[in-house]
Every structure is written in C-alpha cells, then in structure tokens.
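The block underneath contains the structure these notes are about, expressed in structure tokens.
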Amino acid sequence: MRINPYYLSLIREKGDPVWRQAVPDPAELSDLSGMDDPLSEEPQSPVPNLTHRYPETALFLVSNRCAMYCRHCMRKRKVGPGASGFSVTDETVAAGIEYIENNPVVRDVILSGGDPLLRDDEFLGGLLERLRAIPHVEMVRIHSRVPATLPQRITPELVGILKKYHPLYLNTHFNHPVEITPEAARACALLADAGIPLGCQTVLLKGVNDDEETMGALMRKLGSIRVKPYYLHHPDLVRGTGHFRTPVKKGLSIMAFLRGRVGGMCVPQYMIDLPGGGGKIPLLPPYVRETEDGMMIVENGNGEIYKYPLG
Ligand SMILES: *Cc1c(COP(=O)(O)O)cnc(C)c1O
Ligand code: SF4
C-alpha cells in the first residue's frame, strides 16, 4: 500500500470514497472469484511490459510505481514493490522501443504502468524523443493518475519537456468529485495550456461513485478543469477487487442519467474489457426497444417512446 500525504489529506472520514480507494480492506483477501490477469495481457505481450492487442495501438508499461496504490487497480500483479517478476528495467524499455520501431502498423503508443509520471523528467524526455523519432508513431498518450493523486508532480519543468513531443495526449483517472481540488485544477491547467488534450478514464466503483448524483458531479467538474471524460470503465475481474463490483445494470442506469442531463462534452463511453483479451466494447442503455415495419421503437432519457425510420 502507499498513500502519500496529499492524497491522505483528501480523506474526510473512515470509509469515505477516498479512503475506500486507498486503504486496504480485509475483503481483498477473501475475494476468490477474481483473476491476476483477467484481460490476458501477458499472453498478448510480444516483449515483456508491452501489450499489443489492437494493431495500431501499443500499450507500453514504463513504470511499476504509482503515487498511491489504488485498491481497485486492474494491474495489481505488476504494480508496486511487491510485484515480483514484473519489473520495469532499462532492458524492458529498450526492448519495447525496439518492438515499436520494428512494427510499422503501430501508430498510437500508450505509455502506462504503474504511473509513467513517477519516472523522472530526464527519463521521460529521453523516452519521448526516441518514440517521436519513429516515423510511423503518429501520436503518444500518457496514462497517469498523478493529476488526481499527486498533482504537485505536474511542474512547469515537466510540462516544458512534454510539450516538445506533440501530438501528445494525457489520459488521467479521477473517480470522485472531492479529488478535483485547486491543486488538481492547477495541474490540469498547466498541461492543457501546453496543448496536451486531457481525457479521463474513471472506474465505476461501489461505495465511491456508483450513484447518479456523484457521477454527474464528477463529470461536470472534469469538464470545468478541461478534462474530457473519455471512458467509464466497468471494473475488471481482478483478484482482490470484488468488493468494488457493482451490477452492469447500475452502470447503465448511470449512463442513462448522464445522457440528457449532463452536457455531451462531459459524457464518457461506458466500457467493459472482455476477459481473455477480447478487448473493449461500449455498453449503452437500451435506447432501441424493438424494430417493426422498418421503424425503430426508441425510448429517450425521459422514458418517452418515439419511432424512427431504420432506412
Ligand atoms: C484499453 C487498451 C488500449 C486502448 O484502447 P482505446 O480504446 O484505443 O483507448 C490499447 N491496448 C490495450 C491492451 C488496452 O487494454
Ligand atoms: S494509478 Fe493506475 S496503475 Fe497505479 S495503482 Fe492506481 S490504477 Fe493501478
């Protein structure tokens, strides 16, 4: 476990949404249904720490440390000092770069981990320079929770390095409105002012954000700090995270609530990642009820029924 002083300061009381994300729960030990690697990332890794599932996108893990360790982490097996056998080394980073260089279909590189921004500025500058020198790499994304968990890491010096390597995107991970503090807003403003489009990959978590009002407030607040809600992830079937699971039906009802009440710029896609490496698919509330005589019978967010021609 790790809870840094900043993230600790966001806890208001025992068992609150920040506490639940950060403090170990005994229920983690009695979860027998989860898997270590439910998305089969390892079988889809041609070199250690690089998963290549979608032809044009390479998921490249360049850190196994985070500013705090989320209890709901989907990559627990590889994250933190206790993740034996999965270390990120100069050799695995070099092998990942070489793999990308040798695979011209890869045009989109995701730097993930762990948290890539736990690496130092010099490492990150060198890595981005190597990647941007590869002609077929058309864009790089950084996946980092640091804007939510250690916004002080986003310094003018770091941003000065990052902005040299456009097109660069950053997807972060906020799960609750209380994480959107003045410090987090400042970090996101620095990044956005440097021309880095910001997205958010929120995880639907029981007792944290599994209700309409909390999720609506989070999505609106993200919009106000220039972060576009990208995905709302249904939690993966990871061992030790069963106490965070909430029914898909709940996720769908939250999505039905968001659509129409929250401006479209602040509505994410609700995703499940299929076990066994099947990839991500979006889930939508059942707007289309049935089809008959060339017409769709659809229901809008207010429960009203309409007809719309299929062709
Ligand atoms: C989620 C994921 C991606 C990125 O998916 P997008 O829908 O493009 O954001 C890429 N590779 C792997 C292995 C993933 O799990
Ligand atoms: S920041 Fe991401 S990788 Fe790190 S513990 Fe949290 S979910 Fe896992």
- Task: Considering only residues that are more than 19 Å from R119 (Cα to Cα) and of a type outside the set (V, I, T), look in segment 167-183 and name the one that is nearest to ligand 1 (Cβ to nearest atom).
- Result: P167
- Message: Of the residues L39, L29, only one is farther than 16 Å from H143 by Cβ and not charged (D, E, K, R); which?
- Response: L29
- Item | Residues that are closer than 12 Å to M215 by Cα and either touching a residue at least 60 places away in the same chain (Cβ under 8 Å) or exposed (fewer than 13 other Cβ atoms within 10 Å of the Cβ) (or both), drawn from segment 245-269 | P268
- Note on the structure: Note on A27: of the conditions (1) touching a helix residue (DSSP H, G or I) at 6+ places or on another chain (Cβ under 6 Å); (2) within 16 Å of ligand 1 (Cβ to nearest atom), unmet is (2)
- Looking at segment 77-125, which of its residues are among the charged types (D, E, K, R) and buried (at least 19 other Cβ atoms within 10 Å of the Cβ)? R77, K78, D115, R119
- Message: Taking the criterion of being over 29 Å from Y54 (Cα atoms), assigned to a helix (DSSP H, G or I) and free of Cβ contacts under 8 Å to residues at least 24 places away in the same chain, would at least one residue in segment 197-212 satisfy it?
- Response: no
- Item | Boolean, N102 is within 12 Å of ligand 2 (Cβ to nearest atom), polar (S, T, N, Q) and over 15 Å from N49 (Cβ atoms) | no
- In segment 52-88, residue nearest to ligand 1 (Cβ to nearest atom) [restricted to those that are modelled with pLDDT under 95 and hydroxyl-bearing (S, T, Y)]: S87
- Scan A58, A27, A67 and give me the residue that is more than 16 Å from ligand 2 (Cβ to nearest atom), under 29 Å from T92 (Cβ atoms) and touching a residue at least 24 places away in the same chain (Cβ under 8 Å). A58
- Query: Can you tell me which of L158, L162 is in contact with a helix residue (DSSP H, G or I) (Cβ under 6 Å, 6 or more places away or on another chain) and either of a type in the set (A, V, I, L, M) or over 20 Å from D120 (Cβ atoms) (or both)?
  - Reply: L158
- Message: Within segment 87-175, considering only strands (runs of 3 or more DSSP E) that don't extend past its boundaries, which have at least 1 residues that are farther than 22 Å from P268 by Cβ and among the β-branched types (V, I, T)?
- Response: 108-112
- Message: Whether any residue in segment 235-257 is over 21 Å from W19 (Cα atoms), under 17 Å from the mean Cα position of the chain (by Cα) and not basic (K, R) is what I want to check.
- Response: yes
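The values are calculated or read from the model by the stated rules, or taken from the named source; none is laboratory data. All figures in this text were calculated on a predicted structure; none of them were measured in a lab. Neighbour counts are summed over all protein chains in view; Cβ atoms, including those assigned to glycine, are modelled from backbone coordinates with ideal geometry.
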